[in-house]
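Data block below; observations after.
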Amino acid sequence: MKVFIIGISGATGSRVARLLADEGNTVSGLYRHPEQLAGIQALGASGTLGDVATTSEEELASAITGADVLVFSAGAGEQDDDSMIDAVDRDGVLKTIAALRIAGISRLLLVSVFPEAWRERHMPKSFEHYMAAKKQADVYLVHSELDWVILRPSALTDDPGTGRVSLSEAEIHIDISRDDVAATIATLLHRPEVRRRILEVTAGGTPIASAVATLSN
Ligand SMILES: NC(=O)c1ccc[n+]([C@@H]2O[C@H](COP(=O)([O-])OP(=O)(O)OC[C@H]3O[C@@H](n4cnc5c(N)ncnc54)[C@H](OP(=O)(O)O)[C@@H]3O)[C@@H](O)[C@H]2O)c1
């Protein structure tokens, strides 16, 4: 399987890349800073230099041509810059969808967010903007003709993975390690029959392979 990851240098994207490369898949991705290439290669992957906020649909299509499936795990992160959130978390996804069409690729796994995440906390205004941008991207993708999966992880941690999750259309928002999110993504990519589904994933007790296999039934 040939996989292209937008966000390959990130904490989740790099974990996905390593898992897939270790399995023998061909992995590449988009990275923004030349000095990141050595780290990407150390994962067993390759990369194309580019910024999803400024690249054109055609340039992105050229970078992803030949891939079987895309993973979008990029995010503008915790910054008080609504325009950057729009450019990456919303418009970056729209641009990726356009590039997939140009490249003739149908599969996209989008890493999104629980809509109720941290709504009980007093988060900065930019957090609401981030949540709205993520939802707009989800809506746009759901209404596309692509073979999408939207995976909404709960709050991400860098704790070691457990190999177990709770995964379904609706979960309670708690937290989950990036290791377990990455393993869930890698497992989902091997199940193309799981398509056009919004899934929530959080820490839980079901082995990841079983949790994903259940979705195919
Ligand atoms: N943090 C949470 O608790 C949480 C919860 C639910 C969902 N999520 C979502 O889960 C995903 C992964 O989160 P994470 O914390 O693991 O990610 P992360 O470590 O913050 O990585 C973000 C990735 O996006 C890339 N990126 C940012 N702006 C970009 C641009 N303009 N063009 C291309 N790439 C760009 C970064 O590249 P650089 O290395 O160049 O910065 C990096 O590879 C994100 O979509 C996030 O919104 C996060």
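The values are calculated or read from the model by the stated rules, or taken from the named source; none is laboratory data. This structure is a prediction, so every number in the text was calculated from the model and none was measured. Every residue, glycine as well, gets a Cβ built from its backbone with ideal geometry; the counts of neighbours run over all protein chains shown. Side chains included, ligands, DNA and RNA excluded: accessible areas come from the protein's heavy atoms. Shrake-Rupley method; radii C 1.70, N 1.55, O 1.52, S 1.80 Å.
Below is a table of values for the structure above.
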{"item": "For the chain, the longest site-free run once GluC sites (Glu not before Pro) in DSSP loop states with at most 15 other Cβ atoms within 10 Å are removed", "result": "24-77"}
{"item": "Solvent accessible area, Å² - R164, 1.4 Å probe, full protein context", "result": "110 Å²"}
{"item": "Close Lys-Lys pairs in the chain, where close means Cα under 21 Å and separation is 8 or more or interchain", "result": "5"}
{"item": "Dimensionless Rg ratio for segment 70-208, taking C-alpha atoms and the 2.2 N^0.38 Å reference", "result": "1.02"}
{"item": "Table column - 3J(HN,Hα) (Hz), segment 62-74, Karplus curve with 6.51, -1.76, 1.60, x for Gly and Pro", "result": "5, 5, 9, 4, x, 6, 8, 7, 10, 10, 10, 10, 7"}
{"item": "Surface accessible to a 1.4 Å probe, per residue, for the residues of the chain, Å²", "result": "45 Å²"}
{"item": "Using θ = phi - 60° and Karplus 6.51 cos²θ - 1.76 cosθ + 1.60, couplings along segment 129-146 (whole Hz; Gly, Pro as x)", "result": "4, 4, 4, 5, 5, 4, 5, 4, 5, 4, 4, 4, 5, 4, 8, 8, 8, 6"}
{"item": "Between segment 168-217 and segment 105-150, the Cα center-to-center distance that results, in Å", "result": "16 Å"}
{"item": "Radius, Kirkwood style, for segment 119-169 when every pair of distinct Cα atoms is counted (Å)", "result": "13.8 Å"}
{"item": "Among T55, T96, T12, residue whose mean-square fluctuation peaks in a GNM of the chain (springs only between Cα atoms under 10 Å)", "result": "T55"}
